[in-house]
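A quick write-up on the structure given underneath.
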Amino acid sequence: MEKEKLEYFRGMLQKKLSDLLEEAGKTVDEMNVIAKDNFPDPMDRAAMESDRSFDLRIRDRERKLITKVNEALDRINDGTFGTCEQCGGEIGEKRLEARPVTTLCIECKEEQEKKEKKNH
């Protein structure tokens, strides 16, 4: 892949990483404020706990995405970004635009999904 394209994807990934980390910081701050609140009404407490659980599920997904973003940045650094880890072929730029953390070309991803459907 051309150097300027790699730098484009590096910038895209670094921005995504920055946004994810900023959101994580906001969640921690919000949870600290909520923890100090007293909810004597059981319904209010239940609603707060439900909201907290939902936020934590979202943050867990974001935590996993942070790992994938860091791995993609590592692949840019080691020269393997844009190469399918299964077949060794090139991952199309349109696919990388849509999902820059991907490690599979569209053909290998489709094959993986077919196998997953058969197993379920």
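The values are calculated or read from the model by the stated rules, or taken from the named source; none is laboratory data. Fair warning: this is a prediction, and the values are worked out from it, not measured in the lab. Cβ atoms come from the backbone with ideal geometry, glycine included; neighbour counts cover every protein chain shown. The area values use the complete protein model at the heavy-atom level, side chains included, leaving out ligands, DNA and RNA. Shrake-Rupley method; radii C 1.70, N 1.55, O 1.52, S 1.80 Å.
Couplings 3J(HN,Hα) of the stretch 47-55, computed from phi: 5, 5, 5, 5, 4, 5, 4, 4, 4 Hz, in residue order, whole Hz [Karplus 6.51 cos²θ - 1.76 cosθ + 1.60, θ = phi - 60°; x for Gly and Pro].
For mean projected area of the Cα convex hull in nm², the candidate list reads [x] 10.0; [y] 10.5; [z] 8.1; the entry that matches the value derived from this model is [x]. Amide hydrogen proximity for E90: with H placed 1.01 Å from N in the peptide plane, the residues at 5 or more positions away or on another chain lying under 5 Å are C84.
Between the Cα long axis of helix 3-36 and the first principal axis of the chain there is an angle of about 10°, rounded to the nearest 10.
Too long at a 24 Å Cα-Cα cut-off: which of K68/K118; K26/K68; K16/K117? Violating the 24 Å limit, Cα to Cα: K68/K118; K16/K117.
Dipole orientation for the chain: of the candidates T83, L21, F9, T83 has the Cα lying most toward the positive pole (charges on Cβ; Lys, Arg +1; Asp, Glu -1). Counting only protein heavy atoms and a probe of 1.4 Å, the accessible surface of the chain is 50% carbon and sulfur. Seen against the Cα atoms of the chain and their longest principal axis, helix 106-119 is set at about 60 degrees.
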